[in-house]
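Report on one structure; see the data block that follows.
Bear in mind that the values in this text are calculations on the coordinates, not laboratory data. Predicted, not measured: the structure shown is a model, and the values here were computed from it. Backbone-built Cβ (ideal geometry, glycine too); neighbour counts: all protein chains shown.
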Amino acid sequence: MILLLGSVAAFSQPRPRVYNHSRQTTVIVRRPVIVPYHGISYRYSGGYFYRPYGNYWRPGPPPIGIRISTLPYGYMPLYVGPSLFFYNSGIFYRRYDNSNYEVVDPPMGAQVSSLPSGSKTVTVNGEEFYEYNGTYYKETTNDKGKTVYTVTGKNGEINNTPEEPATPQIGDLVDQLPDAHVETPASLVGRQDRLPRR
């Protein structure tokens with residue numbers, strides 16, 4: 001349990017409100033930042049987003065596209081291909097401009113060192129994954145031998161059905177020729193156009 005004392009004047013409440021994050025209890029310390037987005041005034045404090053419900057605020061995942069001016073404490077920079085992202089507690093950010101960061105859809109293939117609090121174990125087609133807010137992570141090992149969690153599905157969808165072998169295309173390098181009918185010299189009798197020239 002984490003208890004922090006401080007002002008919550010921005011919440012327009014006479015005393016601090018207590019919020020549950022999984023099994024931890026948090027009391028907002030710093031004055032939250034008001035972040036308007038599509039007609040809703042979200043509150044942002046300590047890396048958490050809060051959405052209004054009646055006359056109180058409930059913690060929850062931020063909408064894709066909402067922007068903040070400062071990344072949360074403990075964020076982790078990571079590259080997916082050539083693109084730089086920032087990660088914290090299950091939320092991915094990208095720099096929007098010189099003074100803002102935007103919440104973005106989790107990039108497929110992103111590798112993080114730890115799972116967000118509240119992740120659940122799920123089994124899909126016999127494989128075990130971790131799910132958090134519709135994003136699926138698969139435990140793997142990186143090239144340094146460390147355990148990482150790779151984004152393998154998002155928006156509540158994952159596809160780990162074995163893929164059909166691809167048909168070779170012109171220019172592909174193959175280890176084995178495909179099974180096919182091979183014409184023998186006997187099958188070429190009477191077909192002068194197919195006989196090899198000498």
Surrounding net charge for residue 138, when Lys and Arg each add one and Asp and Glu each subtract one, Cβ distance under 12 Å: -4
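Would you tally the net charge around residue 49, using a Cβ to Cβ cut-off of less than 12 Å, leaving residue 49 out, and scoring K and R as +1, D and E as -1?
Details: positive: 43, 51, 58, 67; negative: none.
The answer is +4.
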